[in-house]
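Structure, as structure tokens:
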Amino acid sequence: MIARNSPLWAGYRYATAMVARNSPLWAGYECETAMVTRNSPLWAGLMIVTLPFDSIFDFNGKARPGRGTMDAGMHDRKEYDPMSTIYWFQGRFLPKEEVRISPDDRGYYFGDGVYEVFRVYGGMLFEEEAHYERLRKSAEGTRIELPDLADTATKLRELVKLNEVADGTVYVQVTRGEAPRNHLFPLRAAPVTMAYCTSTPRPIAAMEQGIHTVTTPDIRWLRCDLKTLNLLPNALFKQYALDHDASDVIFHRDGIVTECSASNLFIVQGGALVTHPANHLILKGVTRDVVIRIAREAGIPALERPFSLHELAQAEEAFVTGTTVEITPVISIDGRPVGSDGPGLLTRKLQQLFYQRIGNL
Ligand SMILES: Cc1ncc(COP(=O)(O)O)c(C=O)c1O
């Protein structure tokens, strides 16, 4: 790797920006770009040189706008492992190879655990307190004991520094612990906490061009407000979306739209935002709340009320929100375009306000 304070760095950055995504050099390039901090003068240049490539190619390197691009091409870049080398496991920083999780961990048997994913921008964790608040609620709802969250916060910030993550995510999970397989809670299981970071580029192509979606009945359980490890339905339907040449599903219960497999959904109706209320049927997204806040601050009405598939089909605009997808326009639903043509004006305005918010961290 070229040191960032070396005179070679700027030239290197320019040269690597020209690396096509389908080239074997791409993985190395992505590692390097993830290291450029947002407050560095290189950041603006990086955004300018990389944007055209993200706008032209999806992660297959194919010029096919909007399809299957939202997850930074997890299916397509098998050789690139963005996960950090140093983990935080049971109170210690360890190399990944030394993390030992028992086959008796209830997370493994039952998905008996809770988790959070934080966004890292310029080395800083975004909306930290909101994520810890949700982790507390998930733990309360599942009766899982959490480690001390003030200490966790310190350790997760340290983890980001140790792994030199500038732009990426922090994943933290707490399982109920290790015990011989039995549905009943063990009397004496000690919770198991594990965290790692990723250097994941922002999904710029999807945020620019928008994504295609398909609707499907929401067959998940009735505590979708808890962020638990039980993600099999979400995973099944994410795959269903990909199999239908879309980036995500839009769930509905008896015709009432809830959310997507890993994000919240907003529609624009009469110039106002509408999104499902934060009850047991959806995960109360941290990004969802930021978007509601910035919209209201800008004088854009944001209504939290149930809306139907019919209203979805008639929407002027639609977009999804999430920690990794930020604000991503939805440009088609079940093969029909949303609104007039491509991402809508209000969606664009909210994206700008959101970028200002993260730019001022
Ligand atoms: C089902 C579901 N809904 C919504 C969200 C968005 O939440 P956040 O904005 O906190 O990432 C997620 C994120 O993982 C999710 O899994």
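The values are calculated or read from the model by the stated rules, or taken from the named source; none is laboratory data. What you are looking at is a predicted structure, and each value in this text was computed from that prediction instead of being measured. Cβ: placed from backbone, ideal geometry, glycine included. Neighbour counts: every protein chain shown. For accessibility, only protein heavy atoms count, side chains too; no ligands or nucleic acids. Shrake-Rupley method; radii C 1.70, N 1.55, O 1.52, S 1.80 Å.
Residues in region 157-173 carry Karplus couplings, in order, of 5, 5, 4, 4, 5, 4, 8, 6, 8, 9, 10, x, 9, 10, 10, 9, 9 Hz; the curve used is 6.51 cos²θ - 1.76 cosθ + 1.60 with θ = phi - 60°, and Gly or Pro positions show x.
Spin-label model, Asp254/Ala153: points 7 Å from Cα along the beta carbon direction are separated by 4.1 nm. On region 210-359, 57 percent of the accessible area sits on carbon and sulfur atoms, based on a 1.4 Å probe. Percent of accessible area on region 86-198 owned by carbon and sulfur, 1.4 Å probe? Looking at region 86-198 in its full context, I get 52 percent from C and S. Think of region 86-198 as a dipole: +1 on every Lys or Arg Cβ, -1 on every Asp or Glu Cβ, centred on the Cα centre; then among Ala130, Thr142, Pro186, Pro186 lies furthest on the positive end. In percent, rounded to a whole number, the relative contact order of region 210-359 is 26, using alpha-carbon pairs under 8 Å and six or more apart. Place a point 7 Å from Cα of Arg188 in the direction of its Cβ. Which residues in region 92-129 have their backbone N less than 18 Å from it? Only 104-106 fall inside the zone, counting backbone N under 18 Å.
Its alpha carbons give region 168-321 an Rg and a Dmax of 17.7, 56 Å.
A simple spin-label model places the labels of Leu345 and Asp225 3.7 nm from each other, with each point 7 Å out along Cα-to-Cβ. Dipole magnitude for region 210-359: about 460 debye, using +1 per Lys or Arg Cβ and -1 per Asp or Glu Cβ, origin at the Cα centre. Dimensions of region 131-181 along the principal axes, based on C-alpha atoms and rounded to the nearest Å, stand at 38, 26, 18, largest first. Our coupling estimate for region 274-291, obtained by passing each phi through the Karplus curve with A = 6.51, B = -1.76, C = 1.60 and θ = phi - 60°, is 10, 8, 4, x, 7, 10, 5, 8, 9, 7, 6, x, 5, 5, 3, 5, 5, 5 Hz, Gly and Pro reported as x.
What is the antiparallel percent of DSSP beta bridges lying wholly in region 201-342, to the nearest 5?
Counting only bridges with both partners in region 201-342, antiparallel ones make up about 65 percent.
When a/c reaches 1.5 or more, the comparison of a/b and b/c decides; with that in mind, is region 155-207 rounded, prolate or oblate per its Cα gyration tensor? Oblate. Dipole magnitude for region 86-198: about 280 debye, using +1 per Lys or Arg Cβ and -1 per Asp or Glu Cβ, origin at the Cα centre.
Just to verify a number: FRET efficiency for Lys137 and Arg336, C-beta to C-beta distance, R0 = 30 Å, to 0.05?
After rounding, the FRET efficiency stands at 0.25.
Convert each backbone phi in region 314-323 into a coupling constant with the Karplus relation 6.51 cos²θ - 1.76 cosθ + 1.60 (shift: θ = phi - 60°), then list the ³J(HN,Hα) values in order as whole Hz, x for Gly and Pro. Values, residue by residue: 8, 4, 6, 8, 8, 8, 10, 10, x, 4 Hz. Summarising the amide proton neighbourhood of Thr200: residues at separation of 5 or more, or on other chains, whose placed amide H is nearer than 5 Å comprise Gly168, Thr169. Spacing of the modelled spin labels on Lys161 and Glu145, each 7 Å from Cα toward Cβ, amounts to 3.0 nm.
Taking only the Cα atoms of region 86-198, the radius of gyration and Dmax are 14.1, 44 Å. Near Ile292: Cβ cut-off under 11 Å, other residues only, Lys/Arg at +1 and Asp/Glu at -1. The net charge is +1.
Here's how it looks for Thr258: its modeled amide H is under 5 Å from those of Phe251, His252, Arg253, which are all 5 or more places away or on a different chain.
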